1. Measuring with a 1.4 Å probe in the full set of protein chains, what accessible area per residue, in whole Å², belongs to the chain?
2. 5 Å is the cut-off here: which amide hydrogens, built 1.01 Å from N in the peptide plane, fall below it relative to Ala126, excluding neighbours closer than 5 in sequence?
3. Take the alpha carbon gyration tensor of the chain, find the square roots of its eigenvalues, order them as a ≥ b ≥ c, and report rounded if a/c is under 1.5; if not, report prolate when a/b exceeds b/c, else oblate.
4. How high is the FRET efficiency from Asp138 to Lys64, r the C-beta distance, R0 25 Å, rounded to 0.05?
5. If I stretch the segment between Asp130 and Val18 completely, what's the gain in nm (0.36 nm per residue apart, minus their alpha carbon distance), one decimal?
6. Excluding Asn51 itself, calculate the net charge of residues whose Cβ lies under 10 Å from the Cβ of Asn51, where each Lys or Arg counts +1 and each Asp or Glu counts -1.
7. Under 8 Å for C-alpha pairs, at least 6 residues apart: give me the relative contact order for the chain, rounded to a whole percent.
8. Once amide H atoms are built 1.01 Å from N in the peptide plane, which residues 5 or more positions from Thr13, or in another chain, come under 5 Å H to H?
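The values are calculated or read from the model by the stated rules, or taken from the named source; none is laboratory data. A quick note: this is a predicted structure, and the numbers were derived from the prediction, not measured. Here the Cβ positions follow ideal geometry from the backbone for every residue, glycine too, while neighbour counts run over all protein chains shown. Protein only, heavy atoms only, side chains kept; ligands, DNA and RNA dropped before computing areas. Shrake-Rupley method; radii C 1.70, N 1.55, O 1.52, S 1.80 Å.
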Amino acid sequence: MKAELTDIFTGKTQHENVKILHALTFAENFKESRFERIFNSITVSRYLKRNTNLNEHSVPKIFKENGISKNDKVKSLDYSQKKLLSLYSVFTKTKNIVFDLSGEVSVGAIKTFDFVKNEIKNDGAAILIDWAGSDVKDKCSKVIAIEWLIEPKKR
């Protein structure tokens, strides 16, 4: 269901009962090919060059706060740090995103959620697709529960 909703919100899939005025961008989890992982693992610096619209040489504040440096290998970062890296790269391109907190521990999920909330506070939008605990739900500006009346498409 999460993938189906993400496809609808990002405009990849059309649904007869949903009209998307502005497609959102999904913050993908970091993926590294097996070849790169073995022979030439991606550093944070190289990831930023490939995936952001920034030309700055300084380390972003969010990285300093979470113990990430540009020389770190992305594969050695913990899951929350990888999620922040992915979100940061998306926010350099757009302020309208879809994201999830799957795989995050409670403390990391709250940090990630707070980062997103701070990034969209002026003129952005974010949809959290998750079955998050009450600690995150209480911080959301609006919570919508969806009940499927028909079976979602088989993938």
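1. Details: 10170 Å² over 155 residues.
Computed with neighbouring chains in place, this is 66 Å² per residue.
2. Ile97
3. On the way: a/c = 1.76, a/b = 1.54, b/c = 1.14.
Note, shape of the chain comes out prolate.
4. On the way: r = 28 Å, r/R0 = 1.11.
It comes out at approximately 0.35.
5. On the way: separation 112, 0.36 × 112 = 40.32 nm, distance 1.95 nm.
Result for the pair: 38.4 nm of gain on full extension.
6. Details: positive: Arg46, Lys49, Arg50, Lys93; negative: Glu28.
With Lys, Arg at +1 and Asp, Glu at -1, the net is +3.
7. So the answer I get is 24 percent.
8. Under 5 Å from the amide H of Thr13 lie the amide H atoms of Ile8, each far enough along the sequence or on another chain.
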